[in-house]
Each structure stands twice: as C-alpha cells, then as structure tokens.
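Step one of this worksheet: look at the structure below.
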Amino acid sequence: TNYLGTLTVDPSLERFVEINCGGIRFELQLKTLQRHPDTLLWELSIPGGELYDNGYVFLDRDPMALNYVLEFYRRDRLQMPNFMNEDTWHLELEFYQIENPATRLPTE
C-alpha cells in the first residue's frame, strides 16, 4: 500500500504478453490472465511463469478453443464453442486446468 492506504498495482501486470497457439498469435495484458488462480494461464502469468518472465509462450493446441478460453478470463463466462464436441472441449479445459461447470457435481 502507499501512504494514502490505497492498494498499489504492480505496473508489470499492465504489460502485454503473447501466446502463440498453434501458429496464431494472441496478445493480451498479463493482468487478464491473473483473474483465475490455479489455472494453467494463471501459472504462466505469475512470477516464475513463462509469460511473466519472458512475455511469450507457445502452446501446441487448438487456437479456436483458446479464443473461448480467453473469453473466460476476460468476462468470467465459460462457453463451449458450437463447433466442438463435449469430449474435445473437456480435454481443452483439462489442459488449461479450468473446471468445467457442466461436469461439476451439485452440492447439497
């Protein structure tokens, strides 16, 4: 905190980083990826992670699926692409370490 008692934001989180996914480049702010802890992109975006330290990572994955994953980080809404079947979408979510709300068991 600063002397006024307000939270000081790490300016390095404002910088842009690049994810090359299957040859398609995605550029976004580091802080966007820190919105969902304990996910793969979060791990890459914290100190010691490849995106935080190097500003770049290559993922050998479906770039169209990553588009939908990034929307989850931007808008907190996870939507399965209509061109993808459930099994494939589930595999993508497992890779990115995102819990699939469609398979979450209800609690009582």
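Using 0.36 nm times the number of residues separating GLU99 and GLU18, minus their current alpha carbon distance, what extension gain do you get?
That pair, GLU99 and GLU18, stretches by 26.8 nm at full extension.
Within the range 39-84, which trypsin sites (Lys or Arg not before Pro) sit in a loop by DSSP and count at most 13 neighbouring Cβ atoms inside 10 Å?
ARG77
For the chain, what is the calculated [θ] at 222 nm in deg cm²/dmol (nearest 500), taking -39500 (n - 2.57) for each run of four or more DSSP H residues and dividing by its residue count?
Taking each H run of at least 4 residues, the total per residue is -9000 deg cm²/dmol.
Equivalent-ellipsoid semi-axes (√(5λ), Cα gyration tensor) for the chain, whole Å, largest first?
27, 19, 11
Over the chain, what is the mean sequence separation of C-alpha contacts under 8 Å (at least six apart), divided by residue count, expressed as relative contact order in percent?
Relative contact order for the chain comes out at 21 percent.
What's the FRET efficiency of ASP53 with ARG75 using the Cβ-Cβ distance as r and R₀ = 35 Å, to the nearest 0.05?
It comes to 0.85.
Rounding to the nearest 10 and keeping the result within 0 to 90°, find how far the Cα-based axis of helix 63-75 lies from the longest principal axis of the chain.
Helix 63-75 sits at roughly 50 degrees to that axis.
For the range 28-108, which whole-number percentage of the solvent-accessible area (1.4 Å probe, protein heavy atoms only) is attributable to carbon and sulfur atoms?
47 percent
The values are calculated or read from the model by the stated rules, or taken from the named source; none is laboratory data. What you see is a predicted model, and the numbers here were worked out from it, not measured in a lab. When we count neighbours, we look across all protein chains shown, and the Cβ atoms used for this are built from the backbone with ideal geometry, even at glycine. These area figures cover heavy atoms from the full protein model, side chains too; ligands, DNA and RNA do not enter into them. Shrake-Rupley method; radii C 1.70, N 1.55, O 1.52, S 1.80 Å.
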